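Working notes for the structure below.
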Amino acid sequence: MLDFLSTGLLETLQFQKKHKKIRARRKRRRFKQRVFWRDHGLCQYCDRPVSFTAATLDHIVPLVAGGSDRHKENFCIACKDCNETKAQLILEVLGDLEPASLKEKFAKAEIEAANRKILRGVV
């Protein structure tokens, strides 16, 4: 009798765990849909149309810099190329994605990262 109850309980717990994962996935998808509709399906950096599946959510203020992960205002739709190019940079103006200004920002970011590694003793 106890074996039957324990297996039933295990199955119930496994179902609930799986159900939570499905609900979380749906919640993330709805969040992306709302941001996608707000931005009219355009990459906010290059103004090219992006399909929903190819679109990525980009943090306007990166989490590393203290940005929020819970508010739609901190997200925008970006194509994969622009999102990878922006990385953890904070852009004051959308024109900051131009190659000349990006090289400058990346060089500064690499120097800062190298300095942090030296300070931590990880060379």
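Bear in mind that the values in this text are calculations on the coordinates, not laboratory data. Predicted, not measured: the structure shown is a model, and the values here were computed from it. So basically every Cβ, Gly included, is an ideal-geometry build from the backbone, and we count neighbours across all protein chains shown.
Figures for the structure shown
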item: Extent along principal axes [Cα atoms of the range 2-90; Å; largest to smallest]; result: 62, 28, 20
item: For I118, I77, order by how many other beta-carbon atoms lie within 10 Å, fewest first; result: I118, I77
item: When each of K32/K72; K18/K72; K32/K80; K86/K108 is checked by Cα-Cα distance, pairs over 19 Å; result: K18/K72
